[in-house]
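Below is one structure, written out as structure tokens; the observations come after it.
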Amino acid sequence: MSKSLILCDCSKSSKLNTEALEASGKVACSKVHSSLCTFESDAAKNAIATGNSVIGCQQERAFFTELAADLEVPEPCFVDLRDRAGWSEQASTAGPKMAALLADALRESPPTKTFDIVSEGICLVLGENSLALTAAAQLASFLSITVLLESATDLPLDRSFDTIVGQLKSATGALGNFDVRIDELQQIKPGGRSALGLAEPRNGAETNCDIILDLRRTAPLFPAHTKREGYLRADPKDPAAVYKAILQASHLVGTFEKPLYLSLDPTMCAHSRAEQIGCSKCLNICPTSAIKPAGDHVDIDPNICAGCGSCATLCPSGAISYDDPAVDFLFKRIAGMAEAYLEAGGDQPRLLVHDRDYGAEIIALSARFDRGLPADVIPMDLEQVSGFGHAEMLTALATGFAAVDILVSPKTEKDALEPELKLAQALTGKPQRLRLIEPIDPSDLCTTLYETKSEDLEHVTPILPLGTRRQVTRLAVKALQPQLKEPIPLPRDAPYGAILIDTEACTLCLSCASLCPAGALGDNPDMPQLRFQEDACLQCGLCANVCPEKAIRLQPQFDTSEAVFSQRVIHEEDPFECVECGQPFGVKSTVEHIIEKLAGKHAMFDTSDATRMIKMCDNCRVNAQFHSEKNPFSSSEKPRVRTTEDYLSKRRDH
């Protein structure tokens, strides 16, 4: 059953294309209202009561949601056709874009995985005496307050909160579970007349709290402190910021739901093997230090994770994947919007990726006060754009988009986004189709988008983006560059490539094959060979780090041929044949090198018979040693068994 799309032209200021919206067959359009949120609210109420409606307005979402609550029916679906399409200089030709936006709104999102964080309101206040004590007094009615003062001057008589003196050494954790270490701790002695006294100082004090209110002038306690939930920091010179922090702290009591942003599969992690470090991309990029080494893999603290997605974007193996929502849902969103746009008669669409805060606001302002978005620009909102990596960019191009613009805000984590953009530009063959844009105001956004024209591109058969990010990337590159015959050179640290072996230095010890986390390197149990499968290589560098001869170099590249799926021999040598039984064993060059180094030059190999043992396989060598004069397996002669006669012969009474 198709849904009913309830339309409103916002006091006749927005142009709507009902034909394009109904062409998909997924909705039936209502008549176009002009005041759905005011004079025609009864029409909205009747539509919402059916439980099968889609409201074509986002601005008044709270109003329509309240109507649904009054009617005791589920919240209706919403799609913004005004700010993103109807308010535009090109609104008359924005029908295909409206169809794409509607298709995206109708796609059901998977449920978000969450976990509970419990805060009992235990708050530690840091700062200079007067300001910290003032803040504590204001919060004492809402939270359980402890003030940490750095000096013992002006100790308060107010006992509605606790006061201690000491030096904060460290703090770890997040909302609901901060661990704090304090040196030179002095607690107040509440008894006695006159000023309050202090106990003797102690070092190494440890305590827990749910909230930290930091009003100091020193550096923040945590990296990317604005992303650390439960840690509220304000400039003591800014009264408005201090007031805001105090207000926020007063509300941090109770049980809170936090999304599980990431999914981790430790078996796929290529962090290390045998205490040799390989991939550390997630550790290096995490702004909040939520990721820590845990042996051969890494571990993620969901309490600290802020969900930027940078680690999942850079993870070469897919051990870390974004899960809010999952990457396969994002692939479906991209492909669905492109398909709806093209089916509605559009051509050469451009994708504008933006976040739900800064990006959504600047788009809305550009629509209300400037030219709005061009008709061929389809906006797609994400919680964080920093997780939009090369696989997603290439998927957009391979499913029908002519270009992809990523709108970044002043707070966007670009450390992962910029190298991913360079990688995607190298893989697409036309780097101008992908870019980051940083508009300083709505007018700048409009100018950037209107002055950029989509180039005429050859038709690309849209791919079906199924599989992992690596698999979808391969599908996309082959669709975008079908005639490619040579591997594409890639930037350093790219997660695709080959390895180069210095055959003169390599001894075929196979240390690299035994530690390769992805199975890209392997051996041949019947021959001294090193085999390599390029499609599986993560370019983690473990093989190069573990090679005792330093004979391995990484070669970042992307080969679209089918050869990457099969193993190929990258180094092999003849085996050495045992001089006794003729069975092949070891590597001929290695055995000959050992003979050259040891024969006649080492005490253990000073005879021809001892040197000959080097040329034997394991079984023959053991046999030869056992029958030699200097048998290393021989032992001293067994002692004679003692009898009763031996015992009695030593007694003096016999």
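The values are calculated or read from the model by the stated rules, or taken from the named source; none is laboratory data. None of the values given here were measured: they were computed from a predicted structure. Reconstructed Cβ throughout: ideal geometry from the backbone, glycine too, with neighbour counts over all protein chains shown. With ligands, DNA and RNA removed, areas are computed over all heavy atoms of the protein, side chains included. Shrake-Rupley method; radii C 1.70, N 1.55, O 1.52, S 1.80 Å.
Details
- Count - residues of segment 200-236 that are farther than 15 Å from residue 249 by Cα, open to solvent by less than 30 Å² (accessible area, probe 1.4 Å) and without any contact (Cβ under 8 Å) to a residue 60 or more places away in the chain: 1
- A residue that is open to solvent by less than 40 Å² (accessible area, probe 1.4 Å), part of a helix (DSSP H, G or I), of a type in the set (A, V, I, L, M, F, W, C) and more than 24 Å from residue 173 (Cβ to Cβ) can be found somewhere in segment 68-77.
- Of all residues in segment 29-60, those satisfying the criterion of being over 15 Å from residue 3 (Cβ atoms), in contact (Cβ under 8 Å) with a residue 24 or more places away in the chain, open to solvent by 60 Å² or more (accessible area, probe 1.4 Å) and outside any helix (DSSP H, G or I) are 31, 32, 58, 59.
- Per-region count, segment 378-414, residues open to solvent by 10 Å² or more (accessible area, probe 1.4 Å) and among the hydroxyl-bearing types (Ser, Thr, Tyr): 2
- Yes/no for residue 268 being open to solvent by 40 Å² or more (accessible area, probe 1.4 Å) and of a type in the set (A, V, I, L, M, F, W, C): yes
- Residue in segment 415-440 that is nearest to residue 488 (Cα to Cα), counting only those that are small (Gly, Ala, Ser) and open to solvent by less than 10 Å² (accessible area, probe 1.4 Å): 424
- Residue 375 fulfils the conditions (1) open to solvent by 20 Å² or more (accessible area, probe 1.4 Å); (2) farther than 15 Å from residue 444 by Cα; (3) not in a strand (DSSP E or B) except for a single criterion, (1).
- Among residues that are out of contact with any Phe, Trp or Tyr (no Cβ under 6 Å at 6 or more places or on another chain), open to solvent by less than 30 Å² (accessible area, probe 1.4 Å), free of Cβ contacts under 8 Å to residues at least 40 places away in the same chain and hydrophobic (A, V, I, L, M, F, W, C), residue 125 is not included.
- Yes/no for residue 165 being surrounded by 13 or more Cβ atoms within 10 Å (Cβ to Cβ), in a strand (DSSP E or B) and at pLDDT below 95: yes
- Verdict on residue 328 being over 23 Å from residue 542 (Cα atoms), surrounded by fewer than 20 Cβ atoms within 10 Å (Cβ to Cβ) and over 11 Å from the mean Cα position of the chain (by Cα): yes
- The strands (runs of 3 or more DSSP E) falling completely within segment 259-305 that include 2 or more residues that are within 22 Å of residue 221 (Cβ to Cβ) map to 291-294, 297-300.
- Elements of type helices (runs of 4 or more DSSP H) contained in segment 378-493, each with 2 or more residues being within 30 Å of residue 554 (Cβ to Cβ) and free of Cβ contacts under 8 Å to residues at least 60 places away in the same chain: 414-428
- Some residue of segment 10-24 being more than 21 Å from residue 98 (Cα to Cα), open to solvent by 80 Å² or more (accessible area, probe 1.4 Å) and outside any loop (DSSP other than H, G, I, E, B): no
- Among residues of segment 237-258 being in a loop (DSSP other than H, G, I, E, B) and under 20 Å from residue 306 (Cβ atoms), the one that is least open to solvent (accessible area, probe 1.4 Å) is 252.
- Some residue of segment 104-122 being open to solvent by less than 30 Å² (accessible area, probe 1.4 Å) and either over 33 Å from the mean Cα position of the chain (by Cα) or of a type in the set (S, T, N, Q) (or both): yes
- Subset of segment 331-372 that is free of Cβ contacts under 8 Å to residues at least 60 places away in the same chain and of a type in the set (A, V, I, L, M, F, W, C) - its residue that is surrounded by the fewest Cβ atoms within 10 Å (Cβ to Cβ): 360
- For first residues located in segment 241-253 and closer than 12 Å to residue 122 by Cα, partners that are open to solvent by 80 Å² or more (accessible area, probe 1.4 Å) and among the acidic types (Asp, Glu) and lie 6+ apart or on another chain with Cβ distances below 8 Å form the pairs 253/120.
- Restricted to segment 514-615, the set of helices (runs of 4 or more DSSP H) holding at least 2 residues that are free of Cβ contacts under 8 Å to residues at least 12 places away in the same chain and on the phi < 0 side of the Ramachandran plot comprises 588-598, 608-614.
- When 85, 44 are screened for being more than 24 Å from residue 377 (Cβ to Cβ) and aliphatic (A, V, I, L, M), only 44 passes.
- Set side by side, the residues 105, 69, 94 differ, and just one is farther than 19 Å from residue 24 by Cβ and of a type in the set (Gly, Ala, Ser), which is 69.
- All conditions but one from (1) among the β-branched types (Val, Ile, Thr); (2) within 30 Å of residue 164 (Cα to Cα); (3) open to solvent by less than 50 Å² (accessible area, probe 1.4 Å) apply to residue 285; the one that does not is (2).
- For the condition among the hydrophobic types (A, V, I, L, M, F, W, C), at pLDDT 90 or above, closer than 20 Å to residue 349 by Cα and open to solvent by 40 Å² or more (accessible area, probe 1.4 Å), residue 464 qualifies.
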